[in-house]
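Taken together, the values in this text are just the output of simple stated rules run on the coordinates, not laboratory data. Keep in mind the model is a prediction, meaning the values are calculated, not measured. Note: ideal-geometry Cβ built from the backbone for every residue, glycine included; neighbour counts use all protein chains shown.
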Amino acid sequence: MTQAPLGPQQRLVICGTDTDVGKTVVSALVVQGLNATYWKPVQCGLENGEGDRERVQRWLELPEARVLPEAYRFQAPVSPHWAAELEPGGSPPIASEELALPAVEGPLVVETAGGLLVPLRLDWLQIEQLQRWNLPVLLVARSGLGTLNHTLLSIEALRRRDLPLLGILLNGEPHPNNAATLEAISGIPVLGCLPRLAQLDATTLQGQWQALDLVHKLKGVRRRP
């Protein structure tokens, strides 16, 4: 597997090596940078009635048309297959046909739920849905201890299914060696490390987008010196 440049349609999937690694913040970052539409098809876990769609909309002050409603929205903060079972009144199992990519004008950023092998159903893993979408993947990983194992396993899972990978974006405090180690072992570029942000809003995220030079890195274009 090599780095896959972002195509002219600018449609991509934000995946994580685990839960709580910063996928939603990175999704908001990319939505802001590409002026994209945001879609998280499966939401598990609501905090005071708020999910990731509402957070992205609030951080970026986006109109309703730029944050698409979920195909499935569950109360419990557990894996999708179990969240459907725990839903008050019950919920039918997640149907892959309900996860068809929406028709939107302009760039589209899709955020997944949890890690790559999270079950949407007992017989349907999230990575299998990624194969149906066949969009380039931006892999989000924590920057610190434990990221080598989780990230390399995630890359291996993507490689086995021949899914295009744009690169890795680390999230958290900078680590002196993890980025270099990941690149050396996997051959996949680490596009940068997004620090923990005390304030989340459009201005802050736009500044990080520019500082990381992601518009060029995602397209596989190196800025000339």
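From the list GLU85, GLU97, GLU50, pick out the single residue that is among the acidic types (Asp, Glu) and closer than 21 Å to ALA202 by Cα. Criteria check complete, one pass: GLU50. Scanning region 17-54 for residues that are within 25 Å of GLY146 (Cβ to Cβ), in contact with a helix residue (DSSP H, G or I) (Cβ under 9 Å, 6 or more places away or on another chain) and in a loop (DSSP other than H, G, I, E, B) yields THR17, ASP18, VAL21, LYS40, GLY45. Scan region 1-14 and give yes if some residue there is out of contact with any Phe, Trp or Tyr (no Cβ under 6 Å at 6 or more places or on another chain), in contact (Cβ under 8 Å) with a residue 24 or more places away in the chain, in a helix (DSSP H, G or I) and of a type in the set (Val, Ile, Thr), otherwise no. There is no residue in region 1-14 that is out of contact with any Phe, Trp or Tyr (no Cβ under 6 Å at 6 or more places or on another chain), in contact (Cβ under 8 Å) with a residue 24 or more places away in the chain, in a helix (DSSP H, G or I) and of a type in the set (Val, Ile, Thr). Out of curiosity, is GLU111 surrounded by fewer than 12 Cβ atoms within 10 Å (Cβ to Cβ) and either under 24 Å from ALA28 (Cβ atoms) or aromatic (Phe, Trp, Tyr) (or both)? No, not satisfied.
The single condition from (1) part of a helix (DSSP H, G or I); (2) within 19 Å of ALA202 (Cα to Cα) that LEU62 fails is (1). In region 176-207, the qualifying residues are those that are assigned to a loop (DSSP other than H, G, I, E, B) and free of Cβ contacts under 8 Å to residues at least 12 places away in the same chain, and the one that is farthest from LEU145 (Cα to Cα) is GLN199.
Would you confirm whether any residue within region 57-76 is closer than 21 Å to ASN134 by Cα and surrounded by 20 or more Cβ atoms within 10 Å (Cβ to Cβ)? Yes, some residue in region 57-76 is closer than 21 Å to ASN134 by Cα and surrounded by 20 or more Cβ atoms within 10 Å (Cβ to Cβ).
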